[in-house]
Amino acid sequence: MSELTHAPGLEVAARSSVLRRVREVWRYRELLANLVRKELRVKYKNSTLGFFWSLLNPALYLGVFYVVFELFLQAGIPDFPIFLLAGLLPWNLFATSLGAATQSIVGNASLVGKVWFPREVLPLAAVGAALVHFFLQGSVLLAALVAFRYAPAWEYLPVAVLALLVLTVLAAALGIGLGALNVPLRDTSHLLELALLAWFWVTPIVYQYRLVGDRIGPWLLLNPMTPVVLAFQRAIYGRVEGAGGSDRLGEAAVSAGILPDEPILWYLGSVAVLGVVAVVLLVGAMWLFGRLEGDFAEEL
């Protein structure tokens, strides 16, 4: 971390331009990578299972929700584990990013008070570490695809990739803003926990879109996680490899209302609109961070 400048009393109010702040974060990208590695090391320090804990999270959720929704409530979603994991993995990335990013400035108070560097790299490092966990947890989904002999809907995979990129930008934007707010307002992290709990249940992750789509579909799409989750579900849950080797599209799931009966451009457009919103939020978050950053050392 040689990029750090030892200047404890340095104020950063002069870095008012959002574009300039972005350039400085880019200039400190090596520090950002080092902080991501540090986040991962600290999380599993002295842990016997290490990164294996990342795999237990989606596996545990899968087991609990399968018992509740398929065995007890009989939700009637074919191949429910695939459906659930397709939505759960992007949600875990989002929730983990926000939780860690909100605490990132306060949790590194000693570092913030001693040396100068673009503080935005702290919440961004939290998002980066969550992204690593996302790809690790993807192995659980891969195992489920193999076990159920699933193949993704290849034509929808670019939409899922775009959704992942947009989700990362959205998580970075909210993480930067919440990380800054949590310094003067320490209740921010507690409010976030409650918000994420409610947010999870208004996102079609454990239930199919048809349960609410006919009544509040347009309103449901105002939830920024809905287009992302639907894009992943359409790409991963949309094609099934049958036991006899025949390839059948997941159009039955679409026509039954489990997923929106819309063309690929609808999914792509929903994600693209969210991408524009995410970029605007990122600019706003960088501006807010700049307004609050000058008081970090004093308030920490």
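What follows draws every value from the coordinates through simple rules; no lab data is involved. The structure displayed is predicted, hence computed values, not measured ones. Here Cβ is always computed from backbone atoms with ideal geometry, including for glycine, and neighbour counts include all displayed protein chains.
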Compute the FRET efficiency between Ala33 and Leu265 as 1/(1 + (r/R0)^6), taking r as their Cβ-Cβ distance and R0 = 41 Å, and round to the nearest 0.05.
-> 0.65
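Only Lys, Arg, Asp and Glu count, each charged at its Cβ (+1, +1, -1, -1), so figure out the dipole size of the stretch 18-299 about its Cα centre, rounded to 20 debye.
On the way: 20 positive and 19 negative charges, 160 e Å.
Here the stretch 18-299 has a charge dipole of around 760 debye.
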Taking all pairs of distinct Cα atoms, average 1/r, flip it, and tell me the Kirkwood hydrodynamic radius of the stretch 13-172 in Å to one decimal place.
-> 17.8 Å
Is the stretch 18-299 rounded, prolate or oblate when judged by the Cα gyration tensor, a ≥ b ≥ c being the square roots of its eigenvalues, rounded requiring a/c under 1.5 and prolate requiring a/b larger than b/c?
-> prolate
Work out, step by step, the length gained on full extension between Leu165 and Phe52: first 0.36 nm times the residue separation, then minus their alpha carbon distance; give nm to one decimal.
-> 38.2 nm
Between Trp116 and residues 5 or more places away or on another chain, the pairs with built amide H atoms under 5 Å apart involve Thr5, His6, Ala7
